Amino acid sequence: MNLVFDPAWLPRLGQGVLLTVQLTLYCMGLGAVLGAVLGLVRVYGGGRWSPLYWVASAYIHFFRGTPLLVQLLGIYLGLPTAGILVGPFLAGLLAMTLNTAAYQAEYFRGAIQSVKSGQMMAARALGMSRAQAIGHVIMPQALRLIIPPWSNELIYMLKYSSIVSMTALRPETMDLFGVARSIAARNFRYFEVYILVALFYLAMVLILTVALRWVERRVRIPGLGTPGRGI
Amino acid sequence: MALLRVENLHKRYGHEEVLKGVTLAQDAGETKVVIGPSGTGKSTLLRCINRLTEPDQGRVWLEDTEITSRRTDINRVRAKIGFVFQDFNLFTHLTALDNVRLGLMKVRRMPRAAATGRAMAELERVGLAAKANAYPAQLSGGQQQRVSIARALAMDPKLILFDEPTSALDPELIGEVLSVMIQLARDGMTMIVVTHEMGFARSVADEIVFMEGGVIVEQGTPDKMFRSPEVPRTGEFLRKISDLYGESR
Amino acid sequence: MNLSVWTEVAPHAPVLLRGLLINIQLLLGLISLGLVVGVVTALIEVYAPRPVGIAAGAYTWFFRGVPEIVLLFLFYFGLSQFGVPVSAFFAAVLALGLRSSAYQAQIFRGAFQSIPHGQMMAARALGLGRLRAIVHVVLPQALRLSLAGWSNEFSSVLKDTTLAWGIGVVEIMRQASYIRARNFTLTLPIYVTVALMFLVLTYVGNLAIGLAERKLRVPGLEGQR
């Protein structure tokens, strides 16, 4: 078999990379905010019998238990029938944000719960309010503990962002894979284009992994997250 | 008037009543040592005083503020009562200096520079100024406990509660913590100390309180408690605990 | 959405369920393929000589780093470009199965590495060969330890079977789009119904795995729960 790669593909793929990166970073950022709120509600929202806890739990179960593709099409195709119009980029961003928020909520919950209970008690004993204790003592520790699972989630979402190619039809809203599909559909060089695009994704994963490891090392504190040096 | 008054305190966990009506009073400058077998409500008593544990019944006053009243801003009261935990509970993500400084800045709203000065002075007092930038995991247990005492001292407390401050320490580290506490008592700090360290109790306490089964069995000066206790059980416990932990540390 | 909408959705349920059956077939195919390839890959990564182990590592790295949809398109359209006749269904099982094998290899590798070295030594001391020691002593323990991680992978690939829609497998998402093509107003309720079906399936699947986990538990192997 002879393979054909055309350098003319690259500028368009580069455009796609830009959109993929945007989509991923936006959804991770927004998802972190929503996820942190949901995670806090699950831990501090008044226990199993409070309505707030129930709403948060139902949300998390629904978005973790159903396919992202169903969520995306429900938003992109379903919402307009209820009179709410959303473009492909916004639909993609919305679906990915709502989805990752549910996963991130669980990471936040886990991280918050793995902060030792004595920390809250010591903060309250100093005269801090609950909110102050959460803000100054619990969250700074939880945020460091959450970096490894959050990094995994970022890479998952980077890859999952390719599903917006199922909705975007115009070039300016195409993500990396959307661009690849449109190139391949024109020249029938499916294998070459898709292998190339796979390498693009691998490169992005590699860069993100290295960058996040660096961040993790930068903010590391002895005795937190890593096995402590003991006493 | 006493600095702290505890009146008929009750607390139950499920079916077990841990405190069955404890009453005591503490004057300013006094050091009270609470002793007794484990599981008899000593720690619960301390936690009920600043409502880290909510008592079921009974009242607590700090001067003329009723701590147990629903209308009292508990956070303001807690800022005036230091608490030293058995397992230190230093904030894991903060250096020794930041541990001592956090309460000053966030609860007492002190400006950063002033808080730093005060925190350094307290670290100096417990002999750890050189470790100001170390994280808790980089300190020995004894050092961690001394930082946690500095953290309590920095808030200018009217009273410090010590909940078995040396129980989690290796034997060779107990001395450094006790000597800080002894110095505090000599400086006139008001302290309630739950401990098994009989040497400390004997030499520093103004009053020893013997608790068992959720009630105060007997209280009095160390002299009275060690030489001529009124209740036979007190003498029995003191002999046993002195054998077990030694008396002269 | 009022009640009458749901009475309109109800007649479409059998068609959706027929689509879901295809998703389940996809799931069974891909997860079995992933299991076999995953266990072998993990064994190679842990026990094989270094160069082979590195090759296995590169394999898992590739399949973990490339999006599912890209793999689906690569295996379906890419293979057919070279005249290899693959059905969409087969391509989906292959692409998603190999992807899953990379994730499952991660799970099994962790499990293999957590089996104390003494187990292997004791087996060898009995006179078992290296391979037989792995098969009879290490593998059974590792598989049990893997169940928790494996149940996560199960939930995840179950949902990902919907992506086969992209290469034209007539599964539940395709059926849903047929229905909405005929009755546009049902779009949202149809997708909600599909979502609920997956919720139930995820729940049932996890229940079954939990049951298996309890049944296969060996005292002392997993520690306290």
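Name every residue in the range B:145-188 that is of a type in the set (G, A, S) and in contact with a helix residue (DSSP H, G or I) (Cβ under 6 Å, 6 or more places away or on another chain), in order of residue number. Spell out how you get there, then give the answer.
Quick first cut of the range B:145-188, residues of a type in the set (G, A, S) only: B:148, B:150, B:152, B:154, B:167-168, B:175, B:179, B:185, B:188.
Result: B:A150, B:A154, B:A185.
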(request) Consider B:N99 carefully, then state whether it is touching a Pro at 6+ places or on another chain (Cβ under 9 Å), within 23 Å of B:E164 (Cα to Cα), among the polar types (S, T, N, Q) and crowded, with 20+ Cβ neighbours inside 10 Å. (result) yes
(request) Collect the residues in the range A:184-194 that are surrounded by fewer than 22 Cβ atoms within 10 Å (Cβ to Cβ), more than 7 Å from chain C (Cβ to nearest Cβ) and assigned to a helix (DSSP H, G or I), keeping them in residue-number order. (result) A:A185, A:R186, A:N187, A:E192
(message) Testing C:T202 on (1) in a loop (DSSP other than H, G, I, E, B); (2) within 30 Å of A:I84 (Cβ to Cβ), one condition comes back false. Which one is that?
(response) (1)
(message) Give me the residue from the range B:130-140 that is assigned to a helix (DSSP H, G or I) and under 17 Å from A:K116 (Cα atoms) and, out of that set, farthest from the other protein chains (Cβ to nearest Cβ).
(response) B:P136
(request) Mind listing whichever residues of the range A:210-225 are more than 9 Å from every other protein chain (Cβ to nearest Cβ) and either surrounded by fewer than 18 Cβ atoms within 10 Å (Cβ to Cβ) or at pLDDT 95 or above (or both)? (result) A:V210, A:A211, A:L212, A:R213, A:W214, A:V215, A:E216, A:R217, A:R218, A:V219, A:R220
(message) When you scan the range C:72-91, do you find a residue that is more than 26 Å from A:V193 (Cα to Cα), assigned to a helix (DSSP H, G or I) and of a type in the set (F, W, Y), even just one?
(response) no
(request) Report yes if some residue within the range C:192-201 is out of contact with any strand residue (DSSP E or B) (no Cβ under 9 Å at 6 or more places or on another chain), within 8 Å of chain A (Cβ to nearest Cβ) and not hydrophobic (A, V, I, L, M, F, W, C); otherwise report no. (result) no
(message) For the range A:156-182, give me each residue that is surrounded by fewer than 22 Cβ atoms within 10 Å (Cβ to Cβ) and either over 23 Å from A:L68 (Cα atoms) or of a type in the set (A, V, I, L, M) (or both).
(response) A:M166, A:L169
(message) Among (1) away from every other protein chain (no Cβ under 12 Å); (2) part of a helix (DSSP H, G or I); (3) hydrophobic (A, V, I, L, M, F, W, C); (4) in contact with a helix residue (DSSP H, G or I) (Cβ under 8 Å, 6 or more places away or on another chain), there is one condition A:F63 misses while meeting the rest; what is its number?
(response) (1)
(request) Test each condition in (1) more than 14 Å from chain C (Cβ to nearest Cβ); (2) under 27 Å from C:S177 (Cα atoms) for A:V70 and report the one that comes out false. (result) (1)
(message) I'm trying to understand the selection: among the residues of the range B:36-83, which are farther than 22 Å from B:M198 by Cα, part of a loop (DSSP other than H, G, I, E, B), more than 14 Å from chain A (Cβ to nearest Cβ) and out of contact with any Pro (no Cβ under 7 Å at 6 or more places or on another chain)?
(response) B:P55, B:D56, B:E63, B:D64, B:S69, B:R70, B:R71
(message) Pairs needed: first member in the range A:92-117, within 14 Å of chain B (Cβ to nearest Cβ); second member anywhere, basic (K, R); C-beta distance under 9 Å; at least 6 residues apart or different chains.
(response) A:A111/A:R144; A:I112/A:R42
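Might you let me know whether the range C:171-191 holds any residue that is of a type in the set (A, V, I, L, M, F, W, C), surrounded by fewer than 18 Cβ atoms within 10 Å (Cβ to Cβ) and over 16 Å from the mean Cα position of the chain (by Cα)?
First pass over the range C:171-191, keeping only residues of a type in the set (A, V, I, L, M, F, W, C): C:172-173, C:176, C:179, C:181, C:184, C:186, C:188, C:190.
Narrowing further to those that are surrounded by fewer than 18 Cβ atoms within 10 Å (Cβ to Cβ): C:181, C:184.
From what's left, over 16 Å from the mean Cα position of the chain (by Cα): C:181, C:184.
Yes, some residue in the range C:171-191 is of a type in the set (A, V, I, L, M, F, W, C), surrounded by fewer than 18 Cβ atoms within 10 Å (Cβ to Cβ) and over 16 Å from the mean Cα position of the chain (by Cα).
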(request) Please tell me if B:A168 is within 23 Å of A:K116 (Cα to Cα) and among the hydrophobic types (A, V, I, L, M, F, W, C). (result) yes
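The values are calculated or read from the model by the stated rules, or taken from the named source; none is laboratory data. The model shown is predicted, which means the values in this text are computed figures rather than measured ones. For neighbour counting, all protein chains shown are included, and Cβ atoms are generated from backbone atoms with ideal geometry for every residue, glycine included.
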